[in-house]
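Colleague: The structure is given below, and queries will be raised subsequently.
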Amino acid sequence: MSEVDDAIASARSSWARISEDRSVPRADSRARRRTTQAIGKRLTRIAVADGAILVAALVIGMITPLGIMGALLAMMLLVAATVFFAIWPTETAPTPERLAAVDIKALPAQTERWLDAQRPALPAPAVTLVDRIGLRLETLSPQLAAVDNDGEAAQEVRKLIGEQLPAFVKDYERVPPSLRKTARNGRSPDAELVAGLSLIEQEIADMTTRLAQADLDTLSTRGRFLELKYKDDGAD
């Protein structure tokens with residue numbers, strides 16, 4: 001094995017260790033980012049709605065005096081709009097049926113949104129795996145930009161994260177909560193869920209590697225070329 005191969009292998013190993021060590025902090029960062037984005041969307045909707053009410057009240061007031069009742073009505077509308085948009089969900093999670101049909105390029109993000117919506121029904125170990133799967137999906141997403149929506153690679157990705165993953169989680173959620181910790185055939189539903197999600201996470205990682213194989217090969221080839229050309233020249 002050449003020095004370039006050693007360097008590439010070492011870099012991959014180091015990156016894998018770093019990714020494992022930082023998976024939880026990165027998941028926490030993603031959760032904070034989602035919360036911040038949701039708050040920002042709520043505030044934006046409130047500002048737009050309240051602004052529209054104030055502009056409408058101003059225009060009406062220029063045509064005819066609002067009076068006390070008109071002013072009270074405007075204030076009530078402002079309060080109602082603020083409360084309504086403060087509690088109204090910023091976005092709804094896609095359904096499993098929609099995931100099965102969504103464009104492959106948008107599938108990782110849509111699947112991540114769907115998984116986030118399932119968190120309340122999952123045990124703590126599974127939630128940790130959901131965070132890790134979310135990180136895997138973030139890595140996978142840009143790779144699918146160049147993938148044919150009807151190609152073999154796209155079908156493989158869609159089958160796993162658009163069909164099997166949602167179906168697996170839904171199977172778990174249909175189990176009565178009182179039975180989820182009860183062992184059956186040597187393993188409880190909670191344990192089955194964690195084991196299955198772990199396999200799915202690893203398969204997404206493997207898909208990412210397969211999709212990146214051409215780029216990895218190109219990098220390796222170019223590295224060998226540089227090594228042969230410039231290392232030998234330097235020796236001269």
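Colleague: Percent relative contact order of segment 79-170, based on C-alpha pairs within less than 8 angstrom and at least six residues apart?
Modeller: Answer for segment 79-170 is 38 percent.
Colleague: Which whole number in µm²/s is D for segment 96-221 by Stokes-Einstein, with the Kirkwood Rh taken over Cα pairs at 10 °C and 1.306 mPa s?
Modeller: It diffuses with D of about 104 µm²/s by this estimate.
Colleague: Can you put 69, 76 in order, fewest other beta carbons within 10 Å first?
Modeller: 69, 76
Colleague: A follow-up question, please. Tell me, what is the percent relative contact order of segment 145-195, built from C-alpha pairs under 8 Å that lie six or more residues apart?
Modeller: With pairs under 8 Å counted, the relative contact order is 22 percent.
Colleague: While we're looking at this one, here's another question. Would you mind pulling out the separation of the Cα centroids of segment 47-75 and segment 101-174, in Å?
Modeller: Comparing the Cα centres of segment 47-75 and segment 101-174, I get a distance of 46 Å.
Each value in this text was obtained by applying a stated rule to the coordinates, not by laboratory testing. Keep in mind the model is a prediction, meaning the values are calculated, not measured. So basically every Cβ, Gly included, is an ideal-geometry build from the backbone, and we count neighbours across all protein chains shown.
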